[in-house]
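*Asks:* The structure follows.
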Amino acid sequence: MDSKLLICIVLSILVVGTAHCQLSENFYTSSCPGGVALVTQLTRSRVSADRTMAPSLLRLHFHDCFVQGCDGSVLLDNPSGQGEKESLGNKGTLRGFDVIDDIKKQLEALCPGVISCADILALVARDAVVAIGGTNWSVPLGRRDGSGSSATLANSNLPPPNSNFNALSTLFTSKGFTNSELVTLSGAHTVGVTLCSTIQPRLYNFSSTTATDPAIDPTFAASLKRQCAFGDTTTRIKLDQTTALDTWDQNYYSNVLRGKAVFQSDASLRSNGNSLSRVNQLARSGSVFNRDFGNAMVKMGRIQILTGAQGQIRKNCRAVNS
Ligand code: HEM
């Protein structure tokens with residue numbers, strides 16, 4: 001353990017809750033050699049067995065961080081059925097919990113009680129993106145795990161897909177992001193799927209005057225309707241339909257520009273001047289998207305974290321230590 005970390009832990013024990021320790025990429029180098037590499041290896045093998053797992057693992061870290069910070073709370077099973085897993089934005093669509101369970105089990109065998117569930121989520125999000133050929137970034141570590149999980153909090157902190165630009169901007173600003181970073185992070189929708197139920201209202205029941213959202217390109221709307229028939233709530237369709245296989249690229253932004261975004265929230269990035277210029281910039285440059293996406297993920301990974309002597313290192317990511 002390095003001296004800065006030791007001082008930080010001592011300080012946070014003496015002055016509970018006020019001292020804030022820095023995260024560090026080398027946090028586990030001496031306490032769990034091989035731990036970070038094991039996470040990478042296990043993530044890679046799960047994603048190579050099922051490529052669709054990569055987007056799901058990326059989304060898990062986002063949903064963890066936006067609800068009471070990156071504290072692994074999204075992983076907790078709440079016995080009363082009122083936890084984050086039961087919230088509107090998570091129930092039936094969030095997946096990858098078994099992947100995290102498996103990684104945690106193997107880490108506990110390697111070095112018990114050392115690597116937090118919150119850090120596993122941060123590492124796995126990066127490793128999953130890399131495993132499908134996406135961008136890479138360094139993951140600062142040293143988060144600790146929280147002990148509560150609330151569906152109500154998740155409902156008010158996760159953005160619904162019918163959000164307009166102001167709602168998205170207000171939420172992301174409250175988490176410390178600029179509008180430019182909101183646009184950057186939304187680019188995650190270059191991979192992954194949605195349930196047809198999520199876009200039924202946009203296709204068939206948009207408003208009292210128009211059944212289908214006029215912001216959708218008509219040809220694309222027809223194609224979405226073929227894939228998601230009226231009343232279909234169970235089929236899953238790709239968010240970026242330009243390629244059959246999920247690829248990490250900036251296609252999401254050209255989709256937004258051409259009226260081929262699947263959610264209203266995505267389409268709304270066209271409705272604000274500054275945000276539209278940012279969409280145009282990222283549509284032109286995959287390298288800018290990749291660099292800025294990594295930076296924004298690191299920033300996301302610092303939202304309301306627990307460090308030092310705060311929180312705990314859960315033994316099982318689904319339950320608080322007894
Ligand atoms: C900007 C506001 C956002 C909204 C409104 C939103 C909403 C959604 C919704 C509704 C789904 C589909 C759920 C389903 O029906 O299966 C989804 C999927 C996804 N979202 Fe977002 N999201 C947002 C931002 C983000 C961010 C910031 C990230 C990550 C950095 C992200 C990553 C993903 C991924 C990777 C998927 C696909 C998941 C899978 O295939 O399992 N989203 N999002």
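The values are calculated or read from the model by the stated rules, or taken from the named source; none is laboratory data. These numbers come from a predicted model, not from an experiment. Note: ideal-geometry Cβ built from the backbone for every residue, glycine included; neighbour counts use all protein chains shown. Side chains are part of the model used for accessible areas, which takes the heavy atoms of the whole protein and leaves out ligands, DNA and RNA. Shrake-Rupley method; radii C 1.70, N 1.55, O 1.52, S 1.80 Å.
*Asks:* From the residues in region 87-98 that are touching a residue at least 60 places away in the same chain (Cβ under 8 Å) and buried (at least 19 other Cβ atoms within 10 Å of the Cβ), which one is farthest from the ligand (Cβ to nearest atom)? Let's see the steps before the verdict.
*Replies:* Step one: list which residues in region 87-98 are touching a residue at least 60 places away in the same chain (Cβ under 8 Å), which gives 87-90, 92-93, 97.
Remaining after also requiring buried (at least 19 other Cβ atoms within 10 Å of the Cβ): 87, 89-90.
Working: Ser87: 12, Gly89: 7, Asn90: 9 Å.
Among residues in region 87-98 that are touching a residue at least 60 places away in the same chain (Cβ under 8 Å) and buried (at least 19 other Cβ atoms within 10 Å of the Cβ), the one farthest from the ligand (Cβ to nearest atom) is Ser87.
*Asks:* Picking from Gly294, Gly301, which residue would you name as being within 15 Å of the ligand (Cβ to nearest atom), open to solvent by less than 40 Å² (accessible area, probe 1.4 Å), closer than 17 Å to Ser186 by Cα and touching a His at 6+ places or on another chain (Cβ under 9 Å)? Let's see the steps before the verdict.
*Replies:* Values: Gly294 fails: touching a His at 6+ places or on another chain (Cβ under 9 Å).
Testing whether each residue is within 15 Å of the ligand (Cβ to nearest atom), open to solvent by less than 40 Å² (accessible area, probe 1.4 Å), closer than 17 Å to Ser186 by Cα and touching a His at 6+ places or on another chain (Cβ under 9 Å) leaves just Gly301.
*Asks:* Go through (1) closer than 21 Å to Asn321 by Cα; (2) part of a loop (DSSP other than H, G, I, E, B); (3) out of contact with any Lys or Arg (no Cβ under 9 Å at 6 or more places or on another chain) for Asn78 and report which single condition fails.
*Replies:* Only one criterion is unmet by Asn78, namely (3).
Results for (1) without any contact (Cβ under 8 Å) to a residue 40 or more places away in the chain; (2) more than 15 Å from the chain's Cα centre (by Cα); (3) within 16 Å of the ligand (Cβ to nearest atom); (4) assigned to a strand (DSSP E or B), shown as yes or no for each residue.
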site	(1), (2), (3), (4)
Ile100	no, no, yes, no
Leu121	no, no, yes, no
Ala154	no, no, yes, no
Pro161	no, no, yes, no
Thr173	yes, yes, yes, no
Ser180	no, yes, yes, no
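*Asks:* Yes or no: region 108-118 includes at least one residue that is open to solvent by 10 Å² or more (accessible area, probe 1.4 Å), assigned to a loop (DSSP other than H, G, I, E, B) and at positive phi. Steps first, answer last, please.
*Replies:* Here is the first cut: in region 108-118, the ones open to solvent by 10 Å² or more (accessible area, probe 1.4 Å) are 108-114.
Narrowing further to those that are assigned to a loop (DSSP other than H, G, I, E, B): 111-114.
Still in the running and at positive phi: 113.
Taking every residue of region 108-118 in turn, at least one turns out to be open to solvent by 10 Å² or more (accessible area, probe 1.4 Å), assigned to a loop (DSSP other than H, G, I, E, B) and at positive phi.
*Asks:* Check whether at least one residue in region 25-36 is at pLDDT 95 or above and assigned to a helix (DSSP H, G or I), and report yes or no. Explain how you work it out, then say what you get.
*Replies:* First, the residues of region 25-36 that are at pLDDT 95 or above: 25-36.
Those left that are additionally assigned to a helix (DSSP H, G or I): 35-36.
Yes, region 25-36 contains at least one residue that is at pLDDT 95 or above and assigned to a helix (DSSP H, G or I).
*Asks:* With respect to Gly231, is the statement that it is in contact with a helix residue (DSSP H, G or I) (Cβ under 8 Å, 6 or more places away or on another chain), assigned by TED's automatic domain parsing to the domain that holds Ser285 and touching a residue at least 60 places away in the same chain (Cβ under 8 Å) true?
*Replies:* Working: in contact with a helix residue (DSSP H, G or I) (Cβ under 8 Å, 6 or more places away or on another chain): yes; assigned by TED's automatic domain parsing to the domain that holds Ser285: yes; touching a residue at least 60 places away in the same chain (Cβ under 8 Å): no.
Taking the combined requirement at face value, the residue does not satisfy it.
*Asks:* Can you tell me which residue within region 190-220, out of those that are more than 8 Å from the ligand (Cβ to nearest atom) and of a type in the set (Gly, Ala, Ser), is most open to solvent (accessible area, probe 1.4 Å)?
*Replies:* Looking at residues that are more than 8 Å from the ligand (Cβ to nearest atom) and of a type in the set (Gly, Ala, Ser), I get Ser208.
*Asks:* Here is a further query. For region 56-82, which residues satisfy the criterion of being surrounded by fewer than 22 Cβ atoms within 10 Å (Cβ to Cβ), of a type in the set (Gly, Ala, Ser) and modelled with pLDDT of 95 or more?
*Replies:* Correct list: Ser56, Gly69.
*Asks:* Yes or no: Ala188 in a helix (DSSP H, G or I), touching a residue at least 60 places away in the same chain (Cβ under 8 Å) and more than 17 Å from Ser271 (Cβ to Cβ)? Break it down into steps so the answer makes sense when it comes.
*Replies:* Numbers: in a helix (DSSP H, G or I): yes; touching a residue at least 60 places away in the same chain (Cβ under 8 Å): yes; more than 17 Å from Ser271 (Cβ to Cβ): yes.
The answer is yes for Ala188.
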